[in-house]
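Asker: For reference, the structure I am asking about is given below.
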Amino acid sequence: MLLYNVRIAIKSLRRNPVLTAVIIGGIALGICASTTFTTVRHMFARDPLPGKSSNLFYVRMDNWDPHTPYPSNQNTTGPTIPPQISYRDAMALMRSNLPVRQTAAFTAMMTVYPDPRVARPSTEGVRLCSSDFFTMFDVPFAYGGPWDKRADAKAEQVVVIDDAMNQKLFGGANSVGKRVRIEDREFTVVGVLKPWRPFIRMYDLNGNFIAQPEPVYLPFSLTPGMQIRTSGNSDGWKSAGTTFEDFLNSDVDWVQLWVELRSPAEAEQYHRFVDGYVLEEKKHGRFERPLMNRVTSLRDLMGEFGVITPQVTAMAAISILFLAICALNLTGLLLGKFLARAPEVSVRRALGATRINVFLQHITECELVGLAGGALGMLLSIGAMKLIGKFISATSVIALDSEMILAALFLSLGAGLLAGLYPAWRICSVQPAVQLKV
Amino acid sequence: MEFGPIIRALKRNKVRFLLIVVQIAITLAVVTNAITMIRDESVKMTKSSGFDDDNIVWVRTKPFAPGFKDLPYRIAAVNADLRAIQATPGVVAVTNTNFLPWQGGGSSGEVAAGDGDGSKFRTQMYYNTPGILDTLGVHLVSGRILRDTDIDDDPNSKAPSTAIISRDLERLVFKGKSAVGRQLKDSDNTVVNVVGTFDPFYNPYGWPIHEYAIFYAGHVSRRGAMYLVRVAPGSMKQTVPLIEQRMLQTNNGRNIDMKTISEIKDNFFVQGRIVRTAMSLVIVLIVLVTGLGIVGVTAFSVTERRKQIGTRRALGATKGAVLRYFLLENWIVTNAGLILGVAAAYGLNVLLVTNAAGAKLDWRFVAAAVVLLWLQGIVATLIPAMRATRFSPVIATRGA
């Protein structure tokens, strides 16, 4: 029966190709617009680390000027608290053994010296982090792996490089154990990453979070010895002194601290630990502002840091309304098309077809149109998303994931069904006797 | 006018016309809010920095030669670069600075008037060599520009530093009095001598300090020297490679990155450009789709009423009268849609303002969209209605 209905529907669609093209084109436009913009929003909104983002917590502390609060940023909705913490506080909090894993981190620019026969020296983005960083943020390795805890403790000269850097330095071969000079020291490669380009750089939401991850990773513990300064944001409200030592001991905020905790209860416990630390520091004349510390899950942090801009949401909403227009339009066109067929349907009814038969046959035609429009719309939206991805950044990729393909399929079937219900009902309730009178 | 018969005819085909009413209402809501979003982004994008953006290029050196660890070496390299860049054909002005417009941020700090009540004001703060105003294309309002002798390269110096400030910062801190010859204190209580003020200055920042700036006399070299270079109008293409070549001739212990301010600005406004393109496309398509819908429904009601039209023609109605009937019918339906649509537009706007992007609807956009949809209704009805006028009165005499 279904097959029969499909055959009849195709016949009917082929009878008036122009009208069919208009109908399918309309649905395709609606599906294209709505999938494109809901997907763009989805790329920002979706969980960057499924199953993990509620266990990774970002630590913030209000060590700002006693007289004026940290200036609030117009793009974020969270509390007015410095977005990063100071080096000395990060080091102190890292002594806690409450977290399963933890990493202090920042980004820096450092000079990498390849074999002079291969390439000129170049300045590269480097992430300073601890070995837990790679596990916490699901960083994929092609060769080797993270350095070990001993390397963290002893500030060993080990390095992890990404796929592109490995191509450049070692021609893409397994380079674990090879050596590379960074600044004035020799480093041993312990791990090489697989190509890795998360849409959102979730481990550092400060600054440009749609940027590409850094190509080079070094132990955080090298910071004091090599006198590495951040190339990311740093916020201060009083003098940071002149020496590097002074800078590390100052209240300048430039370090990000992530901790992995197993449950909300543990997060609560960790928060109390941070509060306790600050209360202790207050006795030594630091943290003169009212007690305010934040231990925020990655999931909540994305909201606070304004990862999804209001414009992205507004465009998604408007594109859904656009689909609604396309569906309404389809209803109007189908109504005309179906009712013009009243005499033909009346003959079928007179020959014994039930109302249900007629109804199902017309709904089949609507769904066929919906599916065809949906498929065409999805193809169009793949193109549109490529274009928008290029717009956002040279390496950003916006792609339909299974969730969005399902959503698009559901939307096109839904649009076909909703649009077709009324016309199909009208045509199946036509009185055959009136139409067949000569 | 045939209001009576039209209303009665509409009542008999409620759903069909209701479809059009709802479509027009949603169309109006979407079009007005889309225009508002476009306007919102355009206002941000067309706001002028006051600088000669099109002719400025940002140059950043990434040194790798070990000599750059040493401060005197770095300062000498900066001075050599400044001379080499200035001597490059096509270059108008150059400055060594950590200021870079159109990134949505920069560096900032707090200052207070040296002899004031101690209230602090947050402002953007940058270091630069004297060429800064000529490079940006900004003019001196009062006092004097920075001089090479104002620069103090000693990192441990406790002597007051020298700076010029933007006119808006002068107004903010000195309350309408001249800043020239006065002093500022920064958060370390370091004294800053203000020697001049300049205007205009606008650099969008994460905090509302877009118009406030202090330009300190100083060199920027610690993490690689950075320069802004202004070139003669239209000579960007030829001059950029020349600058790189000359700088490497001066010192090749480093790599050089160059980006024009136009590129940086484009990058900063990515979202705005996406919003503008996408929303313009949505407006065009939605008007087209709704228009097609009106054509479809009118064509259908024309076909359905062939007999009635023929009868009216046979009874003496002119072609014009038939055309007028359909146009009037559509006009009534369109107006119903527009009334509903104005309500929907404001409703959607409230939803968007509270949950997403935040500009209030401007009544002029609503008025413009109403006119647009009226025109659309007339054009879309004319196409099938013209066909109706061609029905011959003879139809009336034939059987079904």
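Asker: Just to be sure before I move on: is B:Thr290 hydroxyl-bearing (Ser, Thr, Tyr), crowded, with 17+ Cβ neighbours inside 10 Å and assigned to a strand (DSSP E or B) in the structure I sent?
Answerer: No.
Asker: Now for a separate question. Kindly provide the set of residues from the stretch A:220-255 that are under 17 Å from A:Gln157 (Cα atoms) and in contact with a Ser or Thr (Cβ under 7 Å, 6 or more places away or on another chain), ordered by number.
Answerer: Result: A:Phe220, single match.
Asker: Restricting attention to the stretch B:312-328, does a residue exist that is surrounded by 21 or more Cβ atoms within 10 Å (Cβ to Cβ), small (Gly, Ala, Ser), assigned by TED's automatic domain parsing to the domain that holds B:Pro384 and assigned to a helix (DSSP H, G or I)?
Answerer: No, every residue in the stretch B:312-328 fails to be surrounded by 21 or more Cβ atoms within 10 Å (Cβ to Cβ), small (Gly, Ala, Ser), assigned by TED's automatic domain parsing to the domain that holds B:Pro384 and assigned to a helix (DSSP H, G or I).
Asker: Further question on the same structure: Can B:Ala84 be described as among the small types (Gly, Ala, Ser) and either assigned to a strand (DSSP E or B) or at the interface with another protein chain (Cβ under 10 Å from one of its Cβ atoms) (or both)?
Answerer: No; evaluated as a whole, the condition is false for this residue.
Asker: From the list A:Leu379, A:Leu351, A:Leu360, exactly one residue is more than 14 Å from every other protein chain (Cβ to nearest Cβ), under 30 Å from B:Leu281 (Cβ atoms) and surrounded by fewer than 20 Cβ atoms within 10 Å (Cβ to Cβ). Which is it?
Answerer: It is A:Leu379.
Asker: Next up: I need the full set of residues from the stretch B:125-167 which are of a type in the set (Asp, Glu) and within 31 Å of the chain's Cα centre (by Cα), in order please.
Answerer: Once the filter is applied, which keeps residues that are of a type in the set (Asp, Glu) and within 31 Å of the chain's Cα centre (by Cα), the stretch B:125-167 yields only B:Asp134.
Each row is one residue, and each column tells you yes or no for (1) assigned to a loop (DSSP other than H, G, I, E, B); (2) β-branched (Val, Ile, Thr).
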| position | (1), (2) |
| --- | --- |
| A:Thr296 | no, yes |
| A:Met315 | no, no |
| A:Ser346 | no, no |
| A:Ala353 | yes, no |
| A:Ser381 | no, no |
| A:Ala384 | no, no |
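Asker: Filter the stretch B:127-161 for residues that are surrounded by fewer than 21 Cβ atoms within 10 Å (Cβ to Cβ) and part of a strand (DSSP E or B) and give the result.
Answerer: Within the stretch B:127-161, B:His139, B:Leu140, B:Val141, B:Ser142, B:Gly143, B:Ser161 meet the criteria.
Asker: Mind listing just one residue for me: the one in the stretch B:8-45 that is of a type in the set (Ser, Thr, Tyr) and in contact with a Lys or Arg (Cβ under 9 Å, 6 or more places away or on another chain) and, of those, nearest to the other protein chains (Cβ to nearest Cβ)?
Answerer: Restricting to residues being of a type in the set (Ser, Thr, Tyr) and in contact with a Lys or Arg (Cβ under 9 Å, 6 or more places away or on another chain), the top hit is B:Thr36.
Asker: For A:Lys337, state whether it is assigned to a loop (DSSP other than H, G, I, E, B), of a type in the set (D, E, K, R) and either at the interface with chain B (Cβ under 10 Å from one of its Cβ atoms) or touching a Gly at 6+ places or on another chain (Cβ under 9 Å) (or both).
Answerer: Here the answer is no, as A:Lys337 does not meet what is asked.
Asker: Give the stretch B:269-287 a look and list any residue that's at the interface with chain A (Cβ under 9 Å from one of its Cβ atoms) and either among the polar types (S, T, N, Q) or more than 18 Å from the chain's Cα centre (by Cα) (or both), or say none.
Answerer: B:Gln271, B:Thr277, B:Val282, B:Leu285, B:Ile286
Asker: Between a first residue in the stretch A:119-135 that is assigned by TED's automatic domain parsing to the domain that holds A:Thr103 and a second residue that is part of a loop (DSSP other than H, G, I, E, B), which pairs have beta carbons less than 6 Å apart while being 6 or more apart in sequence or on different chains?
Answerer: Within 6 Å, the pairs are A:Pro121/B:Phe64; A:Glu124/A:Pro215; A:Gly125/A:Glu214; A:Val126/A:Glu214; A:Arg127/A:Glu214; A:Ser131/A:Pro146; A:Ser131/A:Trp147; A:Phe134/A:Pro146.
Asker: Going by the structure shown, is B:Val192 part of a strand (DSSP E or B), at pLDDT below 95 and not charged (D, E, K, R)?
Answerer: Answer is yes for this residue.
Asker: When the residues of the stretch A:217-239 are narrowed to those that are away from every other protein chain (no Cβ under 14 Å) and of a type in the set (A, V, I, L, M), which ends up nearest to A:Gly125 (Cα to Cα)?
Answerer: Per the criteria, the residue is A:Leu218.
Asker: Within the stretch B:162-182, work out how many residues are surrounded by fewer than 16 Cβ atoms within 10 Å (Cβ to Cβ) and in contact (Cβ under 8 Å) with a residue 24 or more places away in the chain.
Answerer: 2
Asker: Whether any residue in the stretch A:178-190 is surrounded by 16 or more Cβ atoms within 10 Å (Cβ to Cβ), under 28 Å from A:Leu98 (Cα atoms), within 14 Å of another protein chain (Cβ to nearest Cβ) and not hydrophobic (A, V, I, L, M, F, W, C) is what I want to check.
Answerer: No, every residue in the stretch A:178-190 fails to be surrounded by 16 or more Cβ atoms within 10 Å (Cβ to Cβ), under 28 Å from A:Leu98 (Cα atoms), within 14 Å of another protein chain (Cβ to nearest Cβ) and not hydrophobic (A, V, I, L, M, F, W, C).
Asker: Would you check which residues across the stretch A:191-230 are without any contact (Cβ under 8 Å) to a residue 60 or more places away in the chain, closer than 18 Å to A:Tyr58 by Cβ and buried (at least 17 other Cβ atoms within 10 Å of the Cβ) and list them?
Answerer: A:Arg201
The values are calculated or read from the model by the stated rules, or taken from the named source; none is laboratory data. Source: prediction; values computed, not measured. Neighbour counts are summed over all protein chains in view; Cβ atoms, including those assigned to glycine, are modelled from backbone coordinates with ideal geometry.
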